[in-house]
1. Being within 16 Å of ligand 2 (Cβ to nearest atom) and surrounded by 23 or more Cβ atoms within 10 Å (Cβ to Cβ) is the filter here; which residues of segment 153-194 pass it?
2. For residue 49, all conditions in the list (1) in contact with an Asp or Glu (Cβ under 9 Å, 6 or more places away or on another chain); (2) open to solvent by 20 Å² or more (accessible area, probe 1.4 Å); (3) assigned to a strand (DSSP E or B) hold save one; what is the number of the exception?
3. Mind listing just one residue for me: the one in segment 45-73 that is among the β-branched types (Val, Ile, Thr) and within 10 Å of ligand 1 (Cβ to nearest atom) and, of those, nearest to residue 160 (Cα to Cα)?
4. Evaluate the following for residue 525: is it touching a residue at least 12 places away in the same chain (Cβ under 8 Å) and either under 30 Å from residue 604 (Cα atoms) or open to solvent by 70 Å² or more (accessible area, probe 1.4 Å) (or both)?
5. Considering 114, 91, 143, which residue is surrounded by fewer than 16 Cβ atoms within 10 Å (Cβ to Cβ) and modelled with pLDDT under 85?
6. Does segment 56-65 contain at least one residue that is open to solvent by 10 Å² or more (accessible area, probe 1.4 Å), closer than 24 Å to residue 184 by Cα and more than 16 Å from ligand 2 (Cβ to nearest atom)?
7. Does residue 106 qualify as being in contact with a Pro (Cβ under 9 Å, 6 or more places away or on another chain), touching a residue at least 12 places away in the same chain (Cβ under 8 Å) and among the aliphatic types (A, V, I, L, M)?
8. Determine, yes or no, whether residue 213 is of a type in the set (A, V, I, L, M) and away from ligand 1 (no atom under 16 Å from the Cβ).
Amino acid sequence: MLQIRDIHKEYKTGSLVQKALDGVSLNLRDNEFVAILGPSGSGKTTLLNIIGGLDRYDSGDLIINGVSTKRYRDRDWDSYRNHTIGFVFQSYNLIPHQTVLSNVELALTISGISKRERKQKALEALEKVGLREQAHKKPNQMSGGQMQRVAIARALVNDPKILLADEPTGALDTETSVQVMDLLKEVAKDRLVVMVTHNPELAEEYATRIVRVKDGRITGDSDPFEPEANPDAAAPVHKNLGKASMSFLTALALSFNNLWTKKTRTVLVAFAGSIGIIGIALILSMSNGVNTYIDRIEAQTLSQYPLSIERSSISFISMMMVSTDTWEPAAEGEITEVPSVGQLLSTVQTNDLISLKNYFDSDATNIYELTNGVEYSYGIDPQIFYYEKGTGKYRQVNPNNDFASMGLSSGNVFSSAYSMNVFFEMPENESLYIDQYDIKAGRWPENSQEAVLVLSVNGAVTDYIIYAFGLRDPAELDKMVRDFSNGLEVVTDQEYYTWHYEDFMGTTFKVVPAYEFYKYDDKNKVYVDMRNDNDYMKDLMGKSQDLKIVGIVQPKAGEDIYMLNSGIYYGKNLVEELRESAENADIVKAQLADREVNVLTGERFDEEEPDFDMSKLFSIDEDKIQDAFKFDEDKLTIDEEAFGDMSGIDLSGALGSVMPLQMSHTARHSSHSIFSTSGRVSSISVSFSAHSSIFSQSRPEDA
Ligand code: ADP
Ligand code: MG
C-alpha cells in the first residue's frame, strides 16, 4: 500500500520556480490499475517519479506499507527502487544492438544470480508478454508495440510489486496501443500498476481507477481509498540488498573500465604532462634520490608532449611560494595574515600569441625547419550530434556535457580530465603520425566531412566511445550520472561486449556551427538560445553537415610513441571551415559591431559577473591521469608497480599543499584512500567529497 500525503514539489531553474506538485494526496491499493490522466505539464511524470523513488519530494510524505520515507536514506531508496518498482517509459529505452533477451536479462544482472537462471527468468518474462519466440531479435527488428512489450518484460523480470508506466502508448498507434494495454491489464491482476496517459479512452476502458491531475493538484478520483491509520508508521526499514547494488566505486570501475586500465603510467608522469617538467622536477627535488626517476619522466614526457604555449599561463613556482608555512611564527595570541590571492593571480600571464605567430611566420626565424611541426589551435570545439533512431532525438556527443551534473563543470582544474570528450582534432601535419598507425578499415579522412576512429594500441576503445556511437543505450549512462549526482549508488550491467569494424564504419554524425543555436528575437533585441527547442533543433540538424567515419586505425605494434590517443578524429579543415563560417554569422557580426553589450543578454559586459576560468590556465592530459589510477573492487588503488619504489619520497607535503587540485563532486562519498605504502607516505587520498582537493592528504602517521 502506498500513501502519498500532501506532497509538494518545485523545480528551480535559475530564478524560475516551477510548481510541479502542489499538495497531492493519494492512497494506492496493493492491487489495482490506476490511470493518471491530465494535460501536458500537469505534474503526472513528476508524481510517477516520486512514487517510484526516481525523484524526491520537497515536503509531505510517501508512506510505503505504513512506513514513512521522510527519513529514507539513499540506500533505502535504492532498495525500494530495485526490489519494489518496475518502470516502463514511453521511449522503451532498449539497447538497440542487444538482443531482446539480453535487454531483459540486463535488468537482472545486478541481482547477482547465475547466467542460466538469468536467462530462464528473462525468457519467462518474455513469455508473459508473448515474445518468447522473438527473444533473439534485435529491438530495431521489431515494431513499436513489440518494443514496448519487451520493455514491460524487462520491468517485470524482477517481479516488482508495483509497475509504473509513463505514457507507455504515447508513441504507438491505436491498434498496438490496445495490445500494450491488454498486457498491462493482465499484469495488473496481481500487482499495482500506475500508468500515466493523456488518452482518456484508453484509461476509461482499461484502468480500474482514474485519477485526474491538473496544475499539480488532484482534481478527480474515480475510486478513492482511505486505509485505516497505522499508529507506528515511523522508522524506515530497508531490506538487505544482497548484491543488488554495488558500491559506487565498483560501479564506476566497471562502467569506465577501459579508461582506467590502459597502459599504466605513473601519476607523476601525469603531472609532468599537465604542469610541465619544471613543476614536477620541483616537486620531486623536495625529496631525495629520485634522479633516475626524473630522467625517465623527462624522456617520456618530452618525447610525447609537444611544447605548448597557451594564451594564459601561470607560474607554478610562485604558486608554490604561496604557503603559510614559510612565514615567521605568529606571536602568542596573534594570527598572521598571509597574502595569497593577489600573489597567485599576479603570476597569471597573458601571452601575445598573435605576435608570436607573426614572428614565426616572418623571415626572422626558421622555426618550421628546426621543429617537427608547429600547430596552432583556436579553441574551437565543434558541436557534434548523434541521431538516435530509437527516440528520434539528436544527442550532443561533443563537447560532452554528460558529467556537468556531477559538479565537474568548467572553471574547475580537473574538469578537463573528466570532460570525457571523445572527439579530437587531428594535427595538421599528417607525416607526424600517419606512419605510426595501421589502417584496419577504410582510409584516413580526406575532407572536413570525414573522420577516423583511432583504436588503442590493443585494438580497444572505451565504453564511452561506444555510447557516443549510440551502440549502447545512452539512457544507461544518463542514469549512472543521475544516480551519481543524486548521491545514489551507481549500478551498471557489468557486461562488456566485443564490436566489429562494421559497427563503426559509415556512422554519420552531424556538425552544427555553434552560432546556429541562436535565433534573433526582434522583440527583446537579443539572440535566444534555441537548443531546448526540439523542432528548431531537428530542422537545424536536417540542414547540417555530416561527419562520417571513413576509417579505423590502430597504433602499429611495437610503436612506443604515437600521437593520437584512442578517439574520433576530425580534420583541421573542419575547424577551419567552422571558423570561417562563423565570421559571416549575424550573431558574430552583431557582437563584433558592439563589443560592449552581450548580444545574448542585452546587458553590458562589465555589469556581468567576471568569469575566472581556472581550466584555461592548465592543460591536463586526460589519458595520463586516468592511466595513473586503477580501480579495484572496493577500494581505489594505485598501481604500485607503476609508482616505482615510493619509500623515502615524501609526496604528502608536496602534493597536498602545493597542488591545489580542485575536484568538486556533489556525491557524498568521501576520502577513499588510494594507496598506502611504507615509508613516509602514509596515505594520499582521493577525496570525492564536495569541493575538496583531489589529493587531500591525511596526517602522516609514521613520518
Ligand atoms: P506531465 O508529465 O504531466 O507533462 P511533468 O510532471 O513532466 O508534467 O511536469 C510538471 C511541471 O514541472 C511542468 O511545468 C514542467 O515544466 C515542470 N518540470 C518537470 N520536470 C522539471 C525539471 N526537471 N526541471 C524544471 N521543471 C520541470
Ligand atoms: Mg510527462
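The values are calculated or read from the model by the stated rules, or taken from the named source; none is laboratory data. Only a predicted model underlies this, so the values are computations on that prediction, with no experimental measurement involved. Every residue, glycine as well, gets a Cβ built from its backbone with ideal geometry; the counts of neighbours run over all protein chains shown. Note: accessible area is taken over every heavy atom of the protein model, side chains too, but ligands, DNA and RNA are not part of it. Shrake-Rupley method; radii C 1.70, N 1.55, O 1.52, S 1.80 Å.
1. Listed by number, the residues that qualify are 164, 165, 168, 169, 194.
2. Residue 49 satisfies every listed condition except (3).
3. First, the residues of segment 45-73 that are among the β-branched types (Val, Ile, Thr): 45-46, 50-51, 63-64, 67, 69.
Next, from what is left, pick out any that are within 10 Å of ligand 1 (Cβ to nearest atom): 45-46, 50.
Numbers: 45: 19, 46: 20, 50: 17 Å.
The qualifying residue nearest to residue 160 (Cα to Cα) is 50.
4. Details: touching a residue at least 12 places away in the same chain (Cβ under 8 Å): yes; either under 30 Å from residue 604 (Cα atoms) or open to solvent by 70 Å² or more (accessible area, probe 1.4 Å) (or both): yes.
In short, yes.
5. On the way: 91 fails: surrounded by fewer than 16 Cβ atoms within 10 Å (Cβ to Cβ); 143 fails: modelled with pLDDT under 85.
Of 114, 91, 143, the one residue that is surrounded by fewer than 16 Cβ atoms within 10 Å (Cβ to Cβ) and modelled with pLDDT under 85 is 114.
6. Let us first name the residues in segment 56-65 that are open to solvent by 10 Å² or more (accessible area, probe 1.4 Å), namely 56-61, 64-65.
This time we only want the ones that are closer than 24 Å to residue 184 by Cα, so: 64-65.
Next, from what is left, pick out any that are more than 16 Å from ligand 2 (Cβ to nearest atom): 64-65.
Yes.
7. Working: in contact with a Pro (Cβ under 9 Å, 6 or more places away or on another chain): no; touching a residue at least 12 places away in the same chain (Cβ under 8 Å): yes; among the aliphatic types (A, V, I, L, M): yes.
It is false that residue 106 is in contact with a Pro (Cβ under 9 Å, 6 or more places away or on another chain), touching a residue at least 12 places away in the same chain (Cβ under 8 Å) and among the aliphatic types (A, V, I, L, M).
8. Working: of a type in the set (A, V, I, L, M): yes; away from ligand 1 (no atom under 16 Å from the Cβ): no.
The answer is no for residue 213.
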